[in-house]
Every structure is written in structure tokens, then in C-alpha cells.
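Take a look at the structure set out below.
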Amino acid sequence: MQRVRVAAEDVGGDVVRLRITSRGARLLGFEVSAYVVGTLLIDTGFPYARRAVLEALDGRRIEAVCCTHNHEDHVGNCAAVAALHECPVYLRNAHALWEEGVRRLKPYRMTWWGPVDAFEPREMPDEVEGGGRCLHVVPAPGHSATQVSFFEEASGDLYTGDLYVAPGAAAVLSWSDPWQEAASLRRVAALEPKRMLTGHGLISDDPVPLLKHKAERIEEAARRSVELLDQGLAPRQVVRRVFTRGRLKDRFFEYLTSREFSRLNFVLAAARYFQNHMPE
């Protein structure tokens, strides 16, 4: 089990961020973020952090858990939080809780995050209220079929989960749809949020340009991927043409994740889902 830390940090606007890290994740500069908004908890971190997360929430009133998506680094402690606080857990496409590799984690996911204890999520409503706060639910598929963003109109805060982790086009998981991801980025950008709070550490006070730029970069890389494949290039050749830097790092993560996460996945998904996203 990884040695973990959870730090509760006031980020303004009466929002508390839980910064959740493991020893390995700290070496990579990687963290998971959960947020307490009024009496609502957005995500719960990964299973190996269970005790630390529960201690960080000790003394707080939690009326509902709102999941950005079903991956184990975000829903890993839902069962424990729901039991302790006697509150519901909401997830979009709740029937898909165990999909996208969550039921049987690949070795790297087991090593980094740990297995999810069973719980019964309720289907995500259009809005979730608690402690005088109201979160509007915005479907944001692409990274996951269950993913949503939460927008609080009163404050202008947008909670994006894994919709925005880093700028530009990047490696994706084997089930991801880059075209959907770009559309989701544009959907939340249209809300004109004043602040973006992400699932892995980044908080931005000027998020709209970031969201639009990422959507443009993804669409550009996806279109280029389809064009090069149509010209007869092999998928690996397309990867080298579209992504010109970081080749060794990409192949390392492809190997580490048993091909679950890679730039090759991006290229293949761009072609696989292209027909679904052609303009009518």
C-alpha cells in the first residue's frame, strides 16, 4: 500500500480542496484533488487514501457525494464516505460504475490507487444542492462515459474532474473518444466559468482560453490522425507525425499501463469515432 497524505486547503469561495498524494505520485508531481463545497463532496480520492480522507472529513457535514466519473482515483472512497456520513453518492450513467477497467484493475492501477469497495450510486440529477450551494451538472464524456463537470452559477466555479488535466492533445485511455472530449471542453467553456478546479491539482482563474485551446488542439490532432491514416500510413507512423516530442515517455507509459494509456490509443480512437462526429 502506498504511503499517502491528505492536506485540506482553503482555496477561497468557501471551498476546501483535499490534496491527496501517495509517495509514488509525489515523485511524479502528481496528485488527486477532491473538493468540499458547502455540504457537498466532489470526488473521494483513491482507495489507498481511505483512512486519511476520512480523517480530513472528520467533523464536516457531508450531505452528498458527487462523482466526476467512475475511475478509482475519484470514486475510491465513496463506499466509506457514504456509510460514515449516511449520504447518497451520485454518478452519471450509474450502471457503468464497474466499466472502463474498474472491476478488474490492471496491475498499474492496483499498485497506484487500489481496488474500489462496492457501493450503489444513484443516477446523477441535473442539479445537486447542499449547504446552500447548488451545482449544475454538465455532461462531459470523452475521457469516460460517466464523466461530468459541475458548474456553480453563483460563484462561477467549474469542477472538471479529468476533463482538463494538462494543455493540448495527449495520450488517452483505450476507451476514450477525443472528439467527444473536445466537444465537452467547448460545452463547459460556453458557460464562461470564472474559475476552474480540476481533479489533479490545477486551479485556474482564467479557464475559458485554456478550455478552448485544448479543444482546438485535440480536434487538430484528431483530424490530422484521420488524414494520415487515410493516406495509408501505419498507426505508429501517424503517432510519430502527430506527436513529435516525448516519444520515449509515451512508450514507457504504454508499457507501464499494458497499452491502456498511450498516444497510439488517441490515433486509433480518432479514426474509430470519426464518423460519429462528422458535421451533418
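The values are calculated or read from the model by the stated rules, or taken from the named source; none is laboratory data. Note that the structure is predicted; figures quoted are calculated from it, not measured. Cβ: placed from backbone, ideal geometry, glycine included. Neighbour counts: every protein chain shown. Only protein heavy atoms, including side chains, enter the accessible area calculation; ligands, DNA and RNA are left aside. Shrake-Rupley method; radii C 1.70, N 1.55, O 1.52, S 1.80 Å.
Here Ala82 meets each of (1) closer than 15 Å to His200 by Cβ; (2) of a type outside the set (D, E, K, R); (3) more than 19 Å from the chain's Cα centre (by Cα) with one exception, condition (1). When residues in segment 250-277 are screened for being open to solvent by less than 30 Å² (accessible area, probe 1.4 Å), touching a helix residue (DSSP H, G or I) at 6+ places or on another chain (Cβ under 7 Å) and not in a helix (DSSP H, G or I), 2 of them pass.
Residue by residue, here is whether (1) under 21 Å from Phe253 (Cβ atoms); (2) in contact with a strand residue (DSSP E or B) (Cβ under 8 Å, 6 or more places away or on another chain); (3) open to solvent by 70 Å² or more (accessible area, probe 1.4 Å); (4) in a loop (DSSP other than H, G, I, E, B) holds:
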site: Leu163; (1), (2), (3), (4): yes, yes, no, yes
site: Pro167; (1), (2), (3), (4): yes, no, yes, yes
site: Leu185; (1), (2), (3), (4): no, no, no, no
site: Pro193; (1), (2), (3), (4): no, yes, no, yes
site: Gly201; (1), (2), (3), (4): yes, yes, no, yes
site: His213; (1), (2), (3), (4): no, no, yes, no
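If I go through segment 169-182 residue by residue, how many of them are small (Gly, Ala, Ser) and open to solvent by less than 40 Å² (accessible area, probe 1.4 Å)?
To start, the set of residues in segment 169-182 that are small (Gly, Ala, Ser) comprises 169-171, 174, 176, 182.
Pick out the ones that are also open to solvent by less than 40 Å² (accessible area, probe 1.4 Å) and you get 169, 171, 176, 182.
Looking only at that region, the number is 4.
Whether a residue is touching a helix residue (DSSP H, G or I) at 6+ places or on another chain (Cβ under 8 Å), in contact (Cβ under 8 Å) with a residue 12 or more places away in the chain and of a type in the set (Ser, Thr, Tyr) was assessed, and Ser149 passes this test. Considering only residues in segment 97-145 that are closer than 18 Å to Gly38 by Cβ and among the small types (Gly, Ala, Ser), the one that is least open to solvent (accessible area, probe 1.4 Å) turns out to be Gly130.
Within segment 17-39, if we keep just the residues that are modelled with pLDDT of 85 or more and hydrophobic (A, V, I, L, M, F, W, C), the residue that is farthest from Arg3 (Cα to Cα) turns out to be Val37. Checked against (1) in contact (Cβ under 8 Å) with a residue 24 or more places away in the chain; (2) loosely packed, with under 14 Cβ neighbours inside 10 Å, Arg247 meets all criteria but (1).
Taking residues in segment 182-200 that are more than 13 Å from Asp162 (Cβ to Cβ), and partners anywhere that are in a loop (DSSP other than H, G, I, E, B) and open to solvent by less than 30 Å² (accessible area, probe 1.4 Å), the pairs with Cβ atoms closer than 8 Å and at least 6 places apart or on different chains are Ala182/Gly142; Ala183/Gly142; Arg187/Ala140; Glu192/Gly156; Pro193/Gly156; Lys194/Gly156; Arg195/Gly156. Among the candidates Ala182, Ala270, Ala189, Ala222, the residue that is under 16 Å from the mean Cα position of the chain (by Cα) and of a type outside the set (S, T, N, Q) is uniquely Ala182.
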